[in-house]
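The values are calculated or read from the model by the stated rules, or taken from the named source; none is laboratory data. Remember, predicted model here, so these are calculated numbers, not experimental data. Neighbour counts run over all protein chains shown; Cβ positions are idealised from the backbone, glycine included. Ligands, DNA and RNA are excluded from the accessible area calculation, which covers all protein heavy atoms including side chains. Shrake-Rupley method; radii C 1.70, N 1.55, O 1.52, S 1.80 Å.
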Amino acid sequence: MYPRMGEVVVKPSPEWVAFGEEIFESLPGLYKSHAVTNPIYSHLSQVVKSHFDGLDTDRPGFGPFADLHWPRVSAGSGPVDSFGFFCLVEFVIYSFYWRNRSRYRTLFDVGSNMGPDAIIAAKMGYEVDAFEPDPQTFELLKGNIEANHTESVTPHCIAISDTTGVVDFVRVKGNLMASHISGARDFYGDHEYFSVETSTLDDFGAYPDLIKINAEGSEGAILGSIPREQWDSMDALTEVHNKENRDEIFSCFAKNGVNIFAQKVGWLEIKELADMPANSKEGYIFISIKDNMPW
């Protein structure tokens, strides 16, 4: 469990910080061991969790984002907070950004939340558009962009979807990281509904080199709305939040020449539905016309 707001915790030693940097820099070379069930991954995951659970600082970065300003703030009425973004599954994605910073120049961060992907990628040299539909979380996103002086991040208070219009949105009060378009996923606990605007990716006129999607169950609808020709010049990293979402994404790319690679199987290309993650705990997928994921 994360420390409660205001709780006094012990700062980690410089040795822990250095070890964390070594983990980050080692992840590309360990990509075949990124499956969450792999013993190497499981061990490193516990090391990273221990490091950040006990960290008492608003400068938690290391490596290429050592100057990251990221205060520990609540992400709802539950125990989860802003340091929840510093776990090994997210560090895999951050290390991918770093590894491929000369391959990709533009990033769409769909479901940006407080903006860790957007801000970390910007510090690596990316031009980023960050999309966060919840006005409450959007204010945290803007504050983090300002605090980190990442002018190359353009925030948008809008939901990306397969249609343009207005939809009901669910704010999960106990965990703002689980808020979503109504009907996109299951949830529990105290919540409230309100309306948000939606846009399609086509509405922005130009697609990015790389798109990261964490839209809490809307990933399939978003990916299905992207024209096939866009995949000739764009790759995607996305979570899969449930079996229905898994089936929708797998069917979308089954016969159009676009490949899916899964963290669940060490970033191998998926040939069968069983190799697809059925929820976010099984890791990300990478979508591309490339023959291999560029680690």
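Odds and ends about this structure:
- If you go through segment 110-124 and pick out every residue that is out of contact with any Pro (no Cβ under 9 Å at 6 or more places or on another chain), open to solvent by less than 10 Å² (accessible area, probe 1.4 Å) and not in a helix (DSSP H, G or I), you end up with 2.
- The residues listed here are Ile287, Ile249; of these, the one that is of a type in the set (A, V, I, L, M), in a strand (DSSP E or B), in contact with a helix residue (DSSP H, G or I) (Cβ under 7 Å, 6 or more places away or on another chain) and within 25 Å of Ala130 (Cβ to Cβ) is Ile287.
- Scan of segment 252-269 for residues that are modelled with pLDDT of 95 or more and either of a type in the set (Asp, Glu) or assigned to a loop (DSSP other than H, G, I, E, B) (or both), ordered by number: Val258, Gly266, Trp267, Glu269
- Residue in segment 72-82 that is surrounded by the fewest Cβ atoms within 10 Å (Cβ to Cβ), counting only those that are touching a helix residue (DSSP H, G or I) at 6+ places or on another chain (Cβ under 7 Å) and under 14 Å from Leu141 (Cα atoms): Val73
- Positions within segment 227-247 being under 22 Å from Pro208 (Cβ atoms) and either open to solvent by 40 Å² or more (accessible area, probe 1.4 Å) or of a type in the set (Lys, Arg) (or both), in sequence order: Arg228, Glu229, Gln230, Asp232, Ser233
- Restricting segment 137-168 to residues that are polar (S, T, N, Q) and in contact with a helix residue (DSSP H, G or I) (Cβ under 7 Å, 6 or more places away or on another chain), the residue that is farthest from Trp70 (Cα to Cα) is Thr164.
- Residue check, Glu282 within 21 Å of Ser179 (Cα to Cα) and open to solvent by 10 Å² or more (accessible area, probe 1.4 Å): yes
- Of all residues in segment 225-246, those satisfying the criterion of being assigned to a loop (DSSP other than H, G, I, E, B) and aliphatic (A, V, I, L, M) are Ile226, Met234, Val240.
- When each of Val258, Val240 is tested for being in contact with a Lys or Arg (Cβ under 8 Å, 6 or more places away or on another chain) and closer than 14 Å to Ala221 by Cβ, the lone residue that passes is Val240.
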